[in-house]
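A.B. asks: Please see the structure below; I have some questions.
The values are calculated or read from the model by the stated rules, or taken from the named source; none is laboratory data. Note that the structure is a prediction, hence the values are computed from the model and not measured. All Cβ positions, even for glycine, are placed from backbone atoms using ideal geometry, and neighbour counts span all protein chains on display.
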Amino acid sequence: MKVIDTISQFRKEIKNYEHPIALVPTMGALHEGHLALVKEARKTAKTVIVSIFVNPIQFNNAVDLEKYPRTFHADSKLLTKEHCDILFYPSVDEMYPSKSELKIDFGYQNKHMEGKFRPGHFNGVGIVVAKLFNIIQPDLAFFGQKDLQQCIVIQQLVKELSFPIDIKIIETKREQSGLAMSSRNARLSEDARAVAPVLYMSLLSMAEGLKNNNFEETKAKSQELLSLTKQIKEEYIEVVEMESGKVVSKFEKGKKYGICIAAFVGNVRLIDNIIVDNE
Ligand code: PAF
């Protein structure tokens, strides 16, 4: 595996690699969830590129940025094992030689869920993903379903800016307890880790209740379940209709929905979701 840390070197080097080229964009601290994306990419592409870049402009909280785990050596070992061809590992100065002034406004998505609770977050995600797409020019790009609204926003970016890139969304990997794998889990205290699976339990309970179309009652029950655990502070539970990407308050037959949650578990903010087909 080649490690490349500048845009100019990447552009020279990529000419020697075959299409289709797949990109797996990450912020490092790799776990089974990321490796599942790399494995999927390996199945479909001739060249697999993983980027590791902790993107400062998508953090709306300085402590979160500072505490974000950085584990380059372990990450590069894992990627070598997965037969990644190129690891793109630029510095902040390489990606942002001057302060980024551009703003990408995702409209509706900025006002709901992550967009509402993390002002500026999707602007930062949109800019870095667009930069990576322009630098790497992949044919396919792989993202994890765990960040469901991020997937919606990236599909919007690709559609509205006409990037010729096939976006693949890969199912969330979970620990045995049901907790969704996330780089942020490394920051959970032992106590917080013990209660964190309640997030997934409340999603399952909501999915079960929604089948009976009792929207408000079901949501209230899930919120109550969360509130029983002192270390958990819910930010939102919302249901998104998958085709439109819009938040809804009723469940119709024949549609697919994403049930999404965000909560602080101790002092770590986690998100999770499940997709249900209301056949
Ligand atoms: O999901 C992530 O790890 C990041 O938001 C991404 C897509 C790599 C952009 O920085």
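A.B. asks: Within 11 Å of the ligand (Cβ to nearest atom) and assigned to a helix (DSSP H, G or I), is that true of ILE135?
C.D. replies: No: the conditions fail for ILE135.
A.B. asks: Specify the residue that is surrounded by the most Cβ atoms within 10 Å (Cβ to Cβ); the eligible residues are those in region 85-99 that are within 16 Å of the ligand (Cβ to nearest atom), more than 20 Å from the chain's Cα centre (by Cα) and part of a loop (DSSP other than H, G, I, E, B).
C.D. replies: TYR96
A.B. asks: Among the residues of region 69-84, are any within 13 Å of the ligand (Cβ to nearest atom) and either among the polar types (S, T, N, Q) or touching a helix residue (DSSP H, G or I) at 6+ places or on another chain (Cβ under 7 Å) (or both)?
C.D. replies: yes
A.B. asks: Out of all the residues in region 248-269, which are in contact with a strand residue (DSSP E or B) (Cβ under 6 Å, 6 or more places away or on another chain), buried (at least 17 other Cβ atoms within 10 Å of the Cβ) and aliphatic (A, V, I, L, M)?
C.D. replies: Within region 248-269, ILE259, ILE261, ALA262, ALA263, VAL265 meet the criteria.
A.B. asks: Yes or no: region 24-43 includes at least one residue that is over 23 Å from LEU102 (Cβ atoms), of a type in the set (Val, Ile, Thr) and away from the ligand (no atom under 14 Å from the Cβ).
C.D. replies: no
Listed here are the residues, each with its yes/no results for (1) surrounded by 14 or more Cβ atoms within 10 Å (Cβ to Cβ); (2) out of contact with any strand residue (DSSP E or B) (no Cβ under 7 Å at 6 or more places or on another chain).
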{"position": "GLU32", "(1), (2)": "no, yes"}
{"position": "LEU37", "(1), (2)": "yes, no"}
{"position": "ALA41", "(1), (2)": "yes, no"}
{"position": "THR47", "(1), (2)": "yes, no"}
{"position": "VAL50", "(1), (2)": "yes, no"}
{"position": "ILE57", "(1), (2)": "yes, yes"}
{"position": "ASN60", "(1), (2)": "yes, yes"}
{"position": "LEU65", "(1), (2)": "yes, yes"}
{"position": "THR71", "(1), (2)": "yes, yes"}
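A.B. asks: Sticking with this structure for a sec: Within region 4-17, can one find any residue that is at pLDDT 95 or above, polar (S, T, N, Q) and closer than 18 Å to LYS146 by Cα?
C.D. replies: Checked region 4-17: no residue is at pLDDT 95 or above, polar (S, T, N, Q) and closer than 18 Å to LYS146 by Cα.
A.B. asks: Quick one: is MET206 surrounded by 21 or more Cβ atoms within 10 Å (Cβ to Cβ), at negative phi and touching a residue at least 12 places away in the same chain (Cβ under 8 Å)?
C.D. replies: yes
A.B. asks: Here is a list: GLY107, GLY120. Which entry is within 14 Å of the ligand (Cβ to nearest atom), among the small types (Gly, Ala, Ser) and out of contact with any helix residue (DSSP H, G or I) (no Cβ under 7 Å at 6 or more places or on another chain)?
C.D. replies: GLY120
A.B. asks: Something else about it: Name the single residue, out of those in region 125-158 being among the small types (Gly, Ala, Ser) and within 13 Å of the chain's Cα centre (by Cα), that is farthest from PHE10 (Cα to Cα).
C.D. replies: Filtering region 125-158 for residues that are among the small types (Gly, Ala, Ser) and within 13 Å of the chain's Cα centre (by Cα), the one farthest from PHE10 (Cα to Cα) comes out as GLY144.
A.B. asks: Mind checking which strands (runs of 3 or more DSSP E) fall wholly inside region 1-83 and carry at least 1 residues that are touching a Lys or Arg at 6+ places or on another chain (Cβ under 7 Å), farther than 22 Å from ALA180 by Cα and without any contact (Cβ under 8 Å) to a residue 12 or more places away in the chain?
C.D. replies: none
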